[in-house]
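Novice: Right, I'll just put the structure down here and ask away after.
The values are calculated or read from the model by the stated rules, or taken from the named source; none is laboratory data. These numbers were taken from a predicted model, which means no experiment stands behind them. With ideal geometry, Cβ positions are generated from the backbone for all residues, glycine too; neighbour counts draw on all protein chains shown. With ligands, DNA and RNA removed, areas are computed over all heavy atoms of the protein, side chains included. Shrake-Rupley method; radii C 1.70, N 1.55, O 1.52, S 1.80 Å.
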Amino acid sequence: MPRETAYLSIGSNQGRRAQNIRRAILRLSQEPGTRVERASSFYETSPVGFRQAPFLNAALKIKTAYTPNQLLKSLKKIESALGRKRGLRWGPRPADLDVIFHGRRCIETRTLVIPHPRFRFRRFVLIPLLELSPGLKDPATGKTIRQILRDLTSPDQRVKLYHPAKRSSRRRVTPKNL
Ligand code: PH2
Ligand code: MG
Ligand code: MG
């Protein structure tokens, strides 16, 4: 089975966000044609585009025997299984899975553009990717993730490491942390 390395971006801003992302990763790892190699930390990010709830974002490195279109199809299936309704473009969603890279392919069809057409402007994609592979090269421009981030001028896009709250049953309320 020929295997390509692919990089994905995951986002969630509806429901239990961290759980949605973990479930998406689990489902992806159960796909016959994909193996999840590494997942980045989760990041809390401000919405890019229009005003909506803040996102959790992460990046994945996978190996896949799927073609870009087969991979896209399996990602859509996982998004639906996690409760995503198709509707408003860029609207709130329990899970969004995007292909950023598929090997070193550059593809532009009506339904699929790889590398992802907007990733170079999105800190919520670049910072999780930086964590996985700072020296990874964008096949379209030859620039590394580190270089793309350095050249990006959008300090308003907030991306902060996410620390899940401790389970409330375990949190002890003391006068100091009230
Ligand atoms: N996804 C979008 C639109 N805006 N903003 C953040 N912070 N994270 C996302 O994943 C995101 C977004 C469309 O897919
Ligand atoms: Mg997206
Ligand atoms: Mg998408």
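Novice: Going by the conditions given, is residue 14 closer than 22 Å to residue 162 by Cα and not in a strand (DSSP E or B)?
Specialist: yes
Novice: Which is at pLDDT 95 or above and within 12 Å of ligand 3 (Cβ to nearest atom), of 71, 56, 75?
Specialist: Just a single option satisfies the conditions, and that option is 75.
Novice: While we're looking at this one, here's another question. Being within 15 Å of ligand 1 (Cβ to nearest atom), in contact (Cβ under 8 Å) with a residue 24 or more places away in the chain and not polar (S, T, N, Q) is true for just one of 15, 33, 83. Which residue is that?
Specialist: 15
Novice: Looking at the range 15-42, which of its residues are buried (at least 18 other Cβ atoms within 10 Å of the Cβ) and over 14 Å from the mean Cα position of the chain (by Cα)?
Specialist: Listed by number, the residues that qualify are 27, 31, 34.
Novice: Still on this structure, I have one more. Would you check which residues across the range 57-82 are in contact with a Gly (Cβ under 7 Å, 6 or more places away or on another chain) and not polar (S, T, N, Q) and list them?
Specialist: 65, 66
Novice: Considering only the range 43-79, how many residues are more than 16 Å from ligand 1 (Cβ to nearest atom) and either in a strand (DSSP E or B) or open to solvent by less than 30 Å² (accessible area, probe 1.4 Å) (or both)?
Specialist: Looking only at that region, the number is 7.
Novice: Any residue at all in the range 27-37 that's touching a strand residue (DSSP E or B) at 6+ places or on another chain (Cβ under 6 Å), within 16 Å of ligand 3 (Cβ to nearest atom) and not β-branched (Val, Ile, Thr)?
Specialist: yes
Novice: Go through the range 134-167 and count every residue that is open to solvent by 100 Å² or more (accessible area, probe 1.4 Å) and touching a helix residue (DSSP H, G or I) at 6+ places or on another chain (Cβ under 7 Å).
Specialist: Residues that pass the stated criteria total 1.
Novice: Quick check on this structure: which one of 37, 31 is closer than 25 Å to residue 134 by Cα and acidic (Asp, Glu)?
Specialist: 37
Novice: Then there is this: Just checking, which of 122, 86 is out of contact with any Phe, Trp or Tyr (no Cβ under 7 Å at 6 or more places or on another chain), within 14 Å of ligand 2 (Cβ to nearest atom) and farther than 19 Å from residue 59 by Cα?
Specialist: Sole residue among the options that is out of contact with any Phe, Trp or Tyr (no Cβ under 7 Å at 6 or more places or on another chain), within 14 Å of ligand 2 (Cβ to nearest atom) and farther than 19 Å from residue 59 by Cα: 86.
Novice: Do the conditions hold for residue 149, that is, is it closer than 21 Å to residue 64 by Cα and more than 11 Å from ligand 3 (Cβ to nearest atom)?
Specialist: No; evaluated as a whole, the condition is false for this residue.
Novice: From the list 104, 120, 146, which residue is within 28 Å of residue 74 (Cα to Cα), away from ligand 1 (no atom under 14 Å from the Cβ), at pLDDT 95 or above and not in a loop (DSSP other than H, G, I, E, B)?
Specialist: Going through 104, 120, 146 in turn, the sole match is 120.
Novice: When only residues in the range 7-52 that are among the hydroxyl-bearing types (Ser, Thr, Tyr) and closer than 22 Å to residue 74 by Cβ count, which is farthest from ligand 2 (Cβ to nearest atom)?
Specialist: Applying the filter and picking the extreme gives 29.
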